[in-house]
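Trainee: One structure coming up, written as structure tokens, with questions to follow.
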Amino acid sequence: MSFHFFAAISRMKYINRWALMRNSREENLSEHSMEVAMIAHALCVIGNTRFGKNLNPDRAAVVGIYHDASEIITGDMPTPVKYYSEDIRDAYKKVEAVAEYKLLNKLPSDMREAYEEVFFSGDDPEDKYMRRLVKAADKLSALIKCIEEEKSGNTEFRKAKESTERTLGNMKEELPEVAVFMDEFLPPYGKTLDELS
């Protein structure tokens, strides 16, 4: 018997993000998920080393890899549409959950529980906090995309950048790891290779 989970997940490379925007360089869901995983891992390391927390950076990275996997089925819903109203947001969350279960059902039953723990939050406060950091990593990845587009001369992302910066500004108080990342690691984004050398 064959199972389709990983073949379906590999299709993330075909899902382009920012579909309603003119992009100087398209970004696919695989690229975005890798960046979110990397940043989520870093946020947990910052939490542990700077704030004495006991977070699992490796788990955060795995959650980051799969955080948008449902979009293989749903496609990328633009943020202004997704959050236009509570009704739309709640309906889309239900659609996402159905898509996630549909993906999980593509696994053999003996592996499903391990992946359910990646896709869905438990009751553990540390897990809930880590998932908030993954959400912050998602926003940081969006901000990085806006910075890169702006640096390439594309003004299409100006409003998205402002909105994302506001959201991250609101997160910084509750998630001090975000403030550290933004202060110490965000400024070099958009620099040339020579400037980074």
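Trainee: Quick one: what does P(r) look like for the chain with 5 Å bins over all Cα pairs, in whole %?
Mentor: 1, 7, 14, 18, 20, 17, 12, 6, 2, 1, 0
Trainee: Classify region 155-197: rounded, prolate or oblate, from the alpha-carbon gyration tensor (a ≥ b ≥ c, eigenvalue square roots; a/c under 1.5 rounded; otherwise prolate if a/b is larger than b/c)?
Mentor: Values: a/c = 5.61, a/b = 1.27, b/c = 4.43.
Oblate, since a/c reaches 1.5 and b/c is not below a/b.
Trainee: Another question, then. Let a ≥ b ≥ c be the square roots of the eigenvalues of the Cα gyration tensor of region 1-60; is it rounded (a/c under 1.5), or, if not, prolate (a/b larger than b/c) or oblate?
Mentor: oblate
Trainee: Continuing with the same structure: Counting Lys +1, Arg +1, Asp -1, Glu -1, what net charge surrounds HIS4 among other residues with beta carbon under 15 Å of its beta carbon?
Mentor: Net charge in that neighbourhood comes out at +3.
Trainee: Tell me, what is the FRET efficiency for ILE88 and PHE3 to the nearest 0.05, using R0 = 30 angstrom and their Cβ-Cβ distance as r?
Mentor: Values: r = 33 Å, r/R0 = 1.10.
So, using R0 = 30 Å, E works out to roughly 0.35.
Trainee: Based on Cβ point charges of +1 for Lys and Arg and -1 for Asp and Glu, what charge dipole magnitude is obtained for region 5-188 about its Cα centre, in debye rounded to the nearest 20? Can you show the working numbers first?
Mentor: On the way: 27 positive and 33 negative charges, 84 e Å.
That gives region 5-188 a dipole magnitude of about 400 debye.
Trainee: Another one. Note the full-extension length gain between VAL45 and GLU26 as 0.36 nm times their separation in residues minus their Cα-Cα distance, in nm to one decimal. Write down the numbers at each step before the final one.
Mentor: On the way: separation 19, 0.36 × 19 = 6.84 nm, distance 2.97 nm.
The VAL45-GLU26 span can extend by a further 3.9 nm.
Quick note: the coordinates plus some simple rules give every number you see, no bench work behind them. Since this is a predicted model, take the numbers as computed values, not measurements. Please note: Cβ atoms are built from the backbone with ideal geometry, for glycine as well, and neighbour counts cover all protein chains shown.
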